[in-house]
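*Asks:* Quick one: the structure is below, questions incoming.
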Amino acid sequence: MDYLLTFLPWLLAAVQALLYLALAPLLAGWLRRIKARLQNRRGPSLWQPYRDLYKLFGKEARVATTASPLFRAAPYIVFVATWLAAATVPLIAVDLPTAMVADIIVLAGLLALARFFLALAGMDIGTAFGGMGASREMLVSALAEPAMLMAVFTLAMTAHSTNLASMIDAQLAAGLVLRPSFLFALGALVLVAIAETGRIPVDNPATHLELTMIHEAMILEYSGRHLALMEWAAQIKLVLYGALIANVFFPWGIAQSTAPTALATGALVILLKLLALAVALAISETVLAKMRFFRAPALLNLALLLALLGLLGHVILEVGS
Amino acid sequence: MTDRDWLLEYRRRLGEEGVSCSAPDPDTLAPVVRLSLAAQDWRRAAEMAAALGWRWAGIWGDPGPEDCLVRACLVHDDRRVLLETRVPWSEPVLDSHARCYPAADRMERHAQDLLGITFHDHPHGHRWTRHRAWREQDHPLAPDFPVHGHGPKRTPADTNYPFVRIQGSGVYEIPVGPVHAGIIEPGHFRFQAVGEEVLRLETRLGYVHKGIEKIAVGTEPAALARLAGRVSGDSTVVHAWAACQAMERATDHGVPARALHLRALLAERERIANHLGDIGAICNDVGFAFVHMQCARLREQWQRRNHELFGHRLLMDVVAPGGLACDLPADGIDTLRADHQVLRQDVEPIFAIVDDHPSLDDRLLGTGRLSREDARMLGCTGYVAKASGLSFDLRRDQPYPPYDRLRVTVPDLQEGDVASRVRVRMEEIHASLDLLDQLLDTLPPGEVASDLPRPAPDAQGIGLIEGWRGEIMTYVRFDQTGRIARFFPRDPSWFLWPALERLIHDNIVPDFPVCNKSVNGSYSGHDL
């Protein structure tokens, strides 16, 4: 019995990590479908991203003659680092054994690791596009990363912890309280999420124009399973940010125990939250054109400013009350 | 003839410079006036025209047994003069116009590669249309060069082309193409950039050289019309019309009025279809897919109607020498009228979004600006010129039937940026819909086809048609037996590609695709 009790939470943690893998293409498919609907199109099936991944895994991976071993290793590193980062974000249940490592600094570190290798791989072959994409990605992320940390620190100050599980617990314990600092932090995190996941108006994931690409330019030379891993990692990252926003700011519904009903509710609620966030993203991507590249830093500066206002708001309005 | 005063003035000025010229048989190439001069005066005649502010509109050679008759067209408002000179094969050298007319640069190199005439004092005298499919000493338009080239061997890659390189700290080169993502034609772009800023763009074209001019030699008039319809697939109506007009002028043949009306109807339909596609594509290039999808839908419906009424989505092979290959069915008039009304209503909300969406404005306003001076110097016509303050349109300024009896409104914008090129297209769609209604209202009854009479030996003609992309000028000469001896279709794209190289200056690399799409030069029409 004891054995089962210690084993079950670990099993749950593993299931949750696998859920990230399984859900990621679905969310991408849902997003594409909503965008198609908003453009008066029927759009591809919800399962198309799964088919695409299946197809890519079955194809031969062509590698340029100038590629170093790093180019071959990068897809695996990027995929695993992104997946690990995702596994630290509570998805359906909050008190899992992985909560010990579910630290926001770890999350940022893992994402930075993935990005580092992505950018290196982009430059590895020596084509102009890869280098261009890598340089743009670094410009965007150098501005996005501090904004993200600032936004999360605002929450951390309330919860007195940088641990995601503790933050969610604190949020649940406080109940439905409107905190100005949280609003600012939410705004900042949404902007960062859009920039980091390469969505319109910062990057256009659907474009075929090499010269305008950021993320796609770095993976332009990949094919077969390598490309599949890169694309899957990008989809996981989107779910990761969705889950982060949904569960840290609106944690209600997440399972606080390992009871089957709580888990079922948790799963259902997070699914609905992610689908709703995707609808919001699809609407914003439909009404906005992609920004001129040099205006993206202004957007991220706004994110940083919002995050700072959140911190200030917390100090001025909420400390001591 | 007061009409020719401008020409007398030009000749008087040339005379002051010591240049003597003669006007042989002025009406053989009407409405263009021929002016014959000696080869050594070739450059000075162009310098004089440049000083008068005339536009340079093309050069081509007509090879004969002993010499090559080289012609260059100059345009002064709505009047044009054709400079002619003979270059002997014993010494095939001619002065270049490219120093006073930058627009002449590539067309002279095209003539050099195909005919073997060397242009003296050319700023960049190296190859252009010739990649490596034929040898340096070979010239495809020479009579002894076989139509199929020299054997079926594989063409080696086009290496060692002397691109201009910029040196300096932080300057790097971005090669793009010739194979691109998406379904577009091949062409190579070489950027010199520092950071994201473009310092220089050089295009390298010729990848879709099809040997149009060579294939045309020896064809029948009907076959030439089909060939002209394939110079550039998106301009099939206007290229075929220009070739037919040239042949009809050469044979002095009157085309039935109904056929002319329907040709104009087809040309305006082609204009609307292409403009719709372009507006959508420009928006798509800045990540605004909504407009792209809507325009693609409207264009698709428009082209399906083409197929239904005329048997081809792009209207290929409908225009034929002497008239048209098929008539508009009797019930077609009402269908088309209803279509026009539907399109007017459908584009209204879409154009309202394109016109006034802050997020689009942010990308399109001020991007890729082409000044009026540059547009004039480079000889641009069509929407690029109309967006930069040069409102010239053959349909209004030098009208050919049936436009001589129609009201043609021509957009005139000044800013010269991507947004104005989009706005010109939107205004032209409205203007074309009005024209289409006028054409249907005044559509005469009668036949649409007539037989082209047998041409006199060496009969020649010039076709001038305003295509959706700009002015198309086509030269046709028959041989002794009534077959084609020389065919040169000059697409407006010759002047749009240099304009693109110019307007991309000081823009950033990620803005290039939208600038390119807003200019939308034809690769095929340029490579020939």
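Bear in mind that the values in this text are calculations on the coordinates, not laboratory data. Please read all numbers here as calculations on a predicted model, not as lab measurements. For neighbour counting, all protein chains shown are included, and Cβ atoms are generated from backbone atoms with ideal geometry for every residue, glycine included.
*Asks:* Please compute one quarter of the surface area of the Cα convex hull for the stretch A:50-95 and express it in square nanometres.
*Replies:* With every direction weighted equally, the projected area is 4.7 nm².
*Asks:* Based solely on C-alpha atoms, express the radius of gyration and the Dmax of the stretch B:349-463 in angstrom.
*Replies:* 18.8, 61
*Asks:* Provide, as a two-decimal number, the C-alpha radius of gyration of the stretch B:403-483 over 2.2 N^0.38 Å, N being how many residues it has.
*Replies:* The reported ratio for this selection is 1.57.
*Asks:* By its C-alpha gyration tensor, with a ≥ b ≥ c as the square roots of the eigenvalues, how is the stretch B:232-318 shaped: rounded for a/c under 1.5, else prolate for a/b larger than b/c, else oblate?
*Replies:* prolate
*Asks:* Given labels modelled 7 Å from the Cα in the Cβ direction, how far is it in nm from B:HIS150 to A:LEU268?
*Replies:* The modelled label-to-label distance comes out at 7.9 nm.
*Asks:* So if I take the alpha carbon set of the stretch A:166-242, get Rg, then get Rh from the Kirkwood formula, what is the Rg over Rh ratio?
*Replies:* 1.15
*Asks:* Taking all pairs of distinct Cα atoms, average 1/r, flip it, and tell me the Kirkwood hydrodynamic radius of the stretch B:2-120 in Å to one decimal place.
*Replies:* Kirkwood hydrodynamic radius for the stretch B:2-120: 14.4 Å.
*Asks:* Next question, about the same structure. If R0 is 60 Å, what FRET efficiency do you get for A:GLU318 and B:ARG405 from their C-beta distance, rounded to 0.05?
*Replies:* Approximately 0.15, to the nearest 0.05.
*Asks:* Could you pull out the trypsin sites (Lys or Arg not before Pro) across the stretch B:377-479 that fall in loop regions by DSSP (anything but H, G, I, E, B) with no more than 10 other Cβ atoms inside 10 Å?
*Replies:* B:ARG407
*Asks:* In degrees, nearest 10, range 0 to 90: what is the angle between the Cα axis of helix A:104-124 and the longest Cα principal axis of chain A?
*Replies:* 0 degrees
*Asks:* Bin width 10 Å, alpha-carbon pairs only: give the P(r) of chain B as whole percents, running from 0 to the bin holding the largest distance.
*Replies:* 4, 18, 29, 28, 16, 4, 0, 0
*Asks:* Between B:LEU69 and B:GLU16, what FRET efficiency comes out of the Förster formula 1/(1 + (r/R0)^6) with R0 = 30 Å and r the beta carbon distance, rounded to 0.05?
*Replies:* 0.70
*Asks:* Straight distance only, please: which lysines reach the Cα of B:LYS517 with their own Cα at less than 27 Å, same-chain residues fewer than 8 apart left out?
*Replies:* A:LYS35, A:LYS290, B:LYS210, B:LYS386
*Asks:* Once fully extended, how much extra length lies between A:PHE7 and A:ALA112, figured as 0.36 nm per residue of separation less the alpha-carbon to alpha-carbon distance?
*Replies:* Taking A:PHE7 through A:ALA112 to full extension adds about 34.7 nm, to one decimal.
*Asks:* Obtain the radius of gyration and the Kirkwood radius of the stretch A:25-83 from its C-alpha atoms and give Rg over Rh.
*Replies:* 1.14
*Asks:* Let me ask something else. Quick one: helix A:260-287 against the long Cα principal axis of chain A, what's the angle to the nearest 10°, folded into 0 to 90?
*Replies:* 50 degrees
*Asks:* Report the one residue of B:PRO123, A:ALA159, B:ALA267 whose Cα lies farthest in the direction of the positive end of the charge dipole of the protein assembly as shown (charges on C-beta: Lys and Arg +1, Asp and Glu -1; origin at the Cα centre).
*Replies:* Sorting the options by dipole projection puts first A:ALA159.
*Asks:* Multiply the residue gap between A:ASN301 and A:MET100 by 0.36 nm, knock off their C-alpha separation, and tell me the result in nm, one decimal place.
*Replies:* 69.2 nm
*Asks:* So for the pair B:ALA449, A:ALA173, with labels modelled 7 Å out along Cα→Cβ, what separation do we get in nm?
*Replies:* According to this spin-label approximation, the distance is 9.0 nm.
*Asks:* Can you tell me the alpha carbon radius of gyration of the protein assembly as shown divided by the globular rule-of-thumb value 2.2 N^0.38 Å?
*Replies:* In units of the globular-protein estimate, the protein assembly as shown measures up at 1.13.
*Asks:* Now a separate question. At 27 Å minimum axial length over the Cα atoms and a Kyte-Doolittle cut of -0.5, report the qualifying DSSP H helices in chain B, or say none.
*Replies:* Result, helices passing both filters: B:257-285, B:332-355, B:418-441.
*Asks:* Can you give me the Cα centroid spacing of the stretch B:182-211 and the stretch B:281-318 in angstrom?
*Replies:* That distance is 26 Å.
*Asks:* Pop a pseudo-label 7 angstrom from the Cα along the beta-carbon direction at both B:TYR161 and A:ALA73 and give the gap in nm to one decimal.
*Replies:* The two pseudo-label positions are separated by 3.9 nm.
*Asks:* Residues of B:392-401, mean number of Cβ from any other protein chain within 10 Å of their own Cβ, rounded to a whole number?
*Replies:* 0
*Asks:* Filter the trypsin sites (Lys or Arg not before Pro) in the stretch B:123-178 down to the DSSP loop ones having no more than 10 other Cβ atoms within 10 Å, then list what survives.
*Replies:* The qualifying sites are B:ARG135, B:LYS153, B:ARG154.
*Asks:* Kindly provide the helix-only [θ] at 222 nm of chain A, computed as the sum of -39,500 (n - 2.57) over DSSP H runs of four or more divided by all residues, to the nearest 500 deg cm²/dmol?
*Replies:* It comes out at -24000 deg cm²/dmol, rounded to the nearest 500.
*Asks:* Above 19 Å lies some portion of the pair distances; for the stretch A:236-321, what is it as a whole percent of all C-alpha pairs?
*Replies:* 61 percent
*Asks:* Quick one: if the Förster radius is 25 Å, what FRET efficiency do B:ASP361 and A:ALA206 give, using the C-beta to C-beta distance and rounding to 0.05?
*Replies:* 0.70
*Asks:* What is the extension gain from B:LYS210 to B:ARG483, computed as 0.36 nm multiplied by their sequence separation minus the C-alpha to C-alpha distance, in nm to one decimal?
*Replies:* Computed gain between B:LYS210 and B:ARG483 is 96.3 nm.
*Asks:* Another one. Quick check for you: which residues of the stretch B:500-528 have the amide N under 17 Å from the point 7 Å beyond the Cα of B:GLU373 toward its beta carbon?
*Replies:* The answer is B:502-506.
*Asks:* Mind jotting down a quarter of the surface of the convex hull over the alpha carbons of the stretch A:2-318, in square nanometres, one decimal?
*Replies:* Result: 16.9 nm².
*Asks:* Another question about this same structure. Compute the projected area of the convex hull of the Cα atoms of the stretch A:1-159, averaged over all viewing directions, and report it in nm² to one decimal place.
*Replies:* 13.7 nm²
*Asks:* What is the order of A:THR66, A:THR258, fewest Cβ neighbours within 10 Å to most?
*Replies:* By the 10 Å Cβ count, ascending, the order reads A:THR66, A:THR258.
*Asks:* Would you please state which residues of the stretch B:180-205 a label at B:TYR172 would reach in this model, taking the label point 7 Å out along Cα→Cβ and a backbone N cut-off of under 16 Å?
*Replies:* The answer is B:190-200.
*Asks:* So if the hydrodynamic radius of the stretch B:385-528 is defined as the Kirkwood radius over C-alpha pairs, what does Stokes-Einstein give as its diffusion coefficient at 10 °C and 1.306 mPa s, in µm² per second?
*Replies:* 89 µm²/s
*Asks:* In Å, what Kirkwood hydrodynamic radius results for the stretch B:141-254 from the alpha-carbon pair distances?
*Replies:* Hydrodynamic radius (Kirkwood, Cα only) of the stretch B:141-254 equals 17.8 Å.
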